[in-house]
Amino acid sequence: MGLRGWRLALRHLGSTGFGSIARRYFAANLFDGVLTALGLVLGYYFAGGASAGTLIATALAAGLGLGISGFVSSLLVEMAERHRELAELERVMMRGLHGTVLGYARKLAVFLSALANSVGAVVGTLTVVAPMLAADAVGFGASAASAIAVGFAELLALGVYLARTSGASALKYAAAMLGAGLALVAATLLMGG
């Protein structure tokens, strides 16, 4: 399929439900990335760690792991679902749709959904550990406190975003997100942090 065909597929992307799926994947894995990085910062800090470089490298590896996992898992799940949907549509229409604009739009939706899933995890992780880059200038403790504050701010913002998306109470969603962060702090402290 040439460039013109992919442009047509891009135009038909909306018919695949891609937007809502990508939003859900991005938000879910953003949450995973934030909570994972927050757990790394809390655990490392409470365990007496003091090397920003070690913490950043560990968080980057964890973020990449989440990103790769998110990409591959959602790619395979979406491929299976889209294949089933396309087969059902072909059965109803009594004709093959592989190689058509609709077929290509579904392939594009699969790839972009997987990408949104992956990017959400990486962004969530990187934004939490970003304050650690200033550890040499402001000290490890201040950087770790900033990273924790950024993590909680992200959880709060994600809760507000989900509330707006659903039309529900921002307080309810923000409280749930902040509750998850506080549960992580409590669990880390209980583990001897």
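The values are calculated or read from the model by the stated rules, or taken from the named source; none is laboratory data. What you see is a predicted model, and the numbers here were worked out from it, not measured in a lab. Here Cβ is always computed from backbone atoms with ideal geometry, including for glycine, and neighbour counts include all displayed protein chains. When the accessible area is computed, the model is the full protein with side chains, heavy atoms only, and any ligands, DNA or RNA have been set aside. Shrake-Rupley method; radii C 1.70, N 1.55, O 1.52, S 1.80 Å.
Here are some notes:
- Among the criteria (1) touching a Leu at 6+ places or on another chain (Cβ under 6 Å); (2) farther than 30 Å from Arg11 by Cα, the one Ala105 does not fulfil is (2).
- Only a single criterion out of (1) under 27 Å from Ala142 (Cα atoms); (2) touching a helix residue (DSSP H, G or I) at 6+ places or on another chain (Cβ under 8 Å); (3) assigned to a helix (DSSP H, G or I) is not satisfied by Ala61, namely (2).
- Whichever residue in region 57-71 is of a type in the set (A, V, I, L, M) and surrounded by fewer than 21 Cβ atoms within 10 Å (Cβ to Cβ) and, among such residues, is farthest from Ala144 (Cα to Cα): Ile68
- Enumeration of residues in region 151-175 that are under 18 Å from the mean Cα position of the chain (by Cα) and either open to solvent by less than 50 Å² (accessible area, probe 1.4 Å) or over 18 Å from Leu30 (Cα atoms) (or both): Gly151, Phe152, Glu154, Leu155, Leu158, Gly159, Val160, Leu162, Ala163, Ala174
- Meets criteria (in contact (Cβ under 8 Å) with a residue 24 or more places away in the chain, in a helix (DSSP H, G or I), aromatic (Phe, Trp, Tyr) and under 20 Å from Val129 (Cβ atoms)) for Phe111: no
- For first residues located in region 56-79 and within 12 Å of Ser113 (Cα to Cα) and touching a residue at least 24 places away in the same chain (Cβ under 8 Å), partners that are open to solvent by 30 Å² or more (accessible area, probe 1.4 Å) and of a type outside the set (Lys, Arg) and lie 6+ apart or on another chain with Cβ distances below 7 Å form the pairs Phe71/Leu115; Ser74/Tyr25.
- Residues (among the β-branched types (Val, Ile, Thr), more than 21 Å from Phe71 (Cα to Cα) and open to solvent by 30 Å² or more (accessible area, probe 1.4 Å)) located in region 101-133: Val101
- The single condition among (1) surrounded by 18 or more Cβ atoms within 10 Å (Cβ to Cβ); (2) in contact (Cβ under 8 Å) with a residue 24 or more places away in the chain that Ser146 does not satisfy is (2).
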